Amino acid sequence: MLTRDEAHEVDLTVPTLGEATVRSPLKLSTIKGDRIYNFVGDDERVLMEALAKPGRDGAPSSAFERAGPRELLYFEPEGLKAGIVTCGGLCPGMNNAIRAATLELLNHYRVREVLGFRYGFAGLNPDEGYAPLPLSVGSVEGIHYDGGSVLGSSRGPQDPVVVVDRLERLGVRLLLVIGGDGSMRAAHAVYEVAARRGTPISIVGVPKSIDNDVPLVDKTFGYETAFSIAVESIRAAHTEAAAYRNGVGLVRLMGRHSGFIAASAAVAAADADFVLVPEVPLVLDGPNGFLASLVGRLRSNGHVVVVVAEGAGQDLLRNGEAPPELDASGNVRLLDIGTYLKDRIDGALREQGIRHTVKYIDPSYLIRSAPANPSDSLYSSDLARNAVHAGMAGRTGLLIGYWNGEYTYVPLREVIARRKEVDLEGELWYSVLESTGQPAFWSEGTAG
């Protein structure tokens, strides 16, 4: 989260391709009170109220441009060719976003053509050999009932120069990038190449992430479905643990750098005794370490449920002399904290002479591949439609956000400059501590 001072250092000015002079074909209104949805004015802003300093007037840099349909467009709809690409890991709601954007472009703006690019940005590299998939009203019918992405996805970088070359050859002037933080870095690189060339291509991001780790956005789509499904895994772990003498239920959830799923699911399920997240350094040993706390809780309650995010405790697993391995996206490849923790718990209980059972659950791919729940279905579709509105009006180098109950425009340069993590002084983490009764931090030493 941003501090108040940092919030005023954020420049939320959104790049544009040029002056919008084309009248929108959308049959909307500019009159309040006529019971017809209104166009959004270019001067409408959403303040970062929670982050603004008391007594200081809101400056343009501390307010988001409000998203929504504009009365004047940059592109002539009937001559426009648009593209959609889905990137990164699978996430509930990807098909909903594809469908909503396609229908908005074809049915309401009546653009000439919409192309879907296969397998992420690889579909925009001709050397990969994937032809674009024409999207129509018929081809997207019913896809929102299924998980995954009908366009497929991939990880790993592609040369942004090659991507822009391909967009130019195809005549695509609006590209919607549906992805997480890594995908937004790639989208920004593509935007920069197009901007340097002076090529009028609008690049607009739609934030998806089960980890909820895209900054300057209240939440990403897919997150609510993810932690809702994770709740069932925690309940299953509790049922298993409670059924056996000294039972331990251990659930490993997603969360590379941010523990939002683990924290939210644990509070919602209300069955977890411990929640381990990347934001809090994990100390296993010592009188105030995690293992001693687990043994004490097990002796008092007879069973224990532990929820751990995949990025927690990575320093415990690594050989400090060996360089970390990178994945296709350039991220440090995570080691398996789940099985490591299972072994350490088992060993600690054996040392104490405690007869026990450890049940280990990892629902990662079940969560990733699930269809969106109703909330995410609504949210992903709204984000995608607002992405279309932004691109048609000539906005570029941005993603569609959500802040203080309003959809917003967020410059990609600001998104890629920071990372969103669980605020250890915020409501969510405080709820975790209240729900579990665990200490705020782990330490090796004795209490002072």
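The values are calculated or read from the model by the stated rules, or taken from the named source; none is laboratory data. As the structure is a computational prediction, the values presented were derived from the model and not from experiment. Heads up, the Cβs are rebuilt from the backbone with ideal geometry, glycines too, and the neighbour counts pull from every protein chain shown.
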Residue set Asn212, Asn246; condition in contact (Cβ under 8 Å) with a residue 60 or more places away in the chain, on the phi > 0 side of the Ramachandran plot and surrounded by 24 or more Cβ atoms within 10 Å (Cβ to Cβ); output residue Asn212
The one condition Arg56 fails out of (1) at pLDDT 90 or above; (2) touching a Ser or Thr at 6+ places or on another chain (Cβ under 9 Å) is (1)
Has region 281-292 got at least one residue that is touching a strand residue (DSSP E or B) at 6+ places or on another chain (Cβ under 6 Å), surrounded by fewer than 23 Cβ atoms within 10 Å (Cβ to Cβ) and not in a loop (DSSP other than H, G, I, E, B)? no
Screening Asp336, Asp273, Asp327 for residues that are under 28 Å from the mean Cα position of the chain (by Cα) and modelled with pLDDT of 95 or more leaves only Asp273
Filter region 240-257 for residues that are touching a Pro at 6+ places or on another chain (Cβ under 8 Å) and at pLDDT 95 or above; the one that is farthest from Val422 (Cα to Cα) is Val251
Among strands (runs of 3 or more DSSP E) entirely within region 151-261, at least 1 residues that are under 20 Å from Leu133 (Cα atoms) occur in 174-179, 202-207
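To keep it simple, each residue is scored yes or no on (1) of a type in the set (A, V, I, L, M, F, W, C); (2) outside any loop (DSSP other than H, G, I, E, B); (3) buried (at least 16 other Cβ atoms within 10 Å of the Cβ).
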site	(1), (2), (3)
Ala372	yes, no, yes
Ser375	no, yes, no
Arg418	no, no, no
Asp423	no, no, no
Residue hits (region 22-36; in contact (Cβ under 8 Å) with a residue 40 or more places away in the chain and either farther than 26 Å from Glu76 by Cβ or in a loop (DSSP other than H, G, I, E, B) (or both)) are Ser24, Pro25, Leu26, Leu28, Thr30
Per the filter on region 380-411, residues surrounded by 24 or more Cβ atoms within 10 Å (Cβ to Cβ) and part of a helix (DSSP H, G or I) are Ser380, Leu383, Ala384, Asn386, Ala387, Val388, His389, Ala390, Gly391, Met392
Those residues of region 262-280 which are in a loop (DSSP other than H, G, I, E, B) and of a type in the set (A, V, I, L, M) amount to Ala270, Ala272, Val277, Val280
query = Does Leu282 fit the bill of being within 25 Å of the chain's Cα centre (by Cα) and either basic (Lys, Arg) or within 15 Å of Val308 (Cα to Cα) (or both)?
reply = yes
Scanning region 262-275 residue by residue, those without any contact (Cβ under 8 Å) to a residue 60 or more places away in the chain and over 22 Å from Arg299 (Cβ atoms) turn out to be Ala262, Ala265, Ala268, Ala269
Per the list (1) in contact with a helix residue (DSSP H, G or I) (Cβ under 9 Å, 6 or more places away or on another chain); (2) closer than 30 Å to Leu28 by Cα, residue check on Gly138 breaks on (1)
The lone condition Ser300 fails out of (1) over 29 Å from Arg418 (Cβ atoms); (2) in contact (Cβ under 8 Å) with a residue 12 or more places away in the chain is (2)
Scanning region 425-448 residue by residue, those touching an Asp or Glu at 6+ places or on another chain (Cβ under 8 Å) and not in a loop (DSSP other than H, G, I, E, B) turn out to be Trp429, Thr436
If we keep only residues of region 141-184 that are charged (D, E, K, R) and closer than 23 Å to Gly394 by Cβ, then the residue surrounded by the fewest Cβ atoms within 10 Å (Cβ to Cβ) is Arg169
Query raised in the report: Quick check: anything in region 202-209 surrounded by 23 or more Cβ atoms within 10 Å (Cβ to Cβ), closer than 18 Å to Ala101 by Cβ, of a type in the set (A, V, I, L, M, F, W, C) and more than 10 Å from the chain's Cα centre (by Cα)?
Result: yes
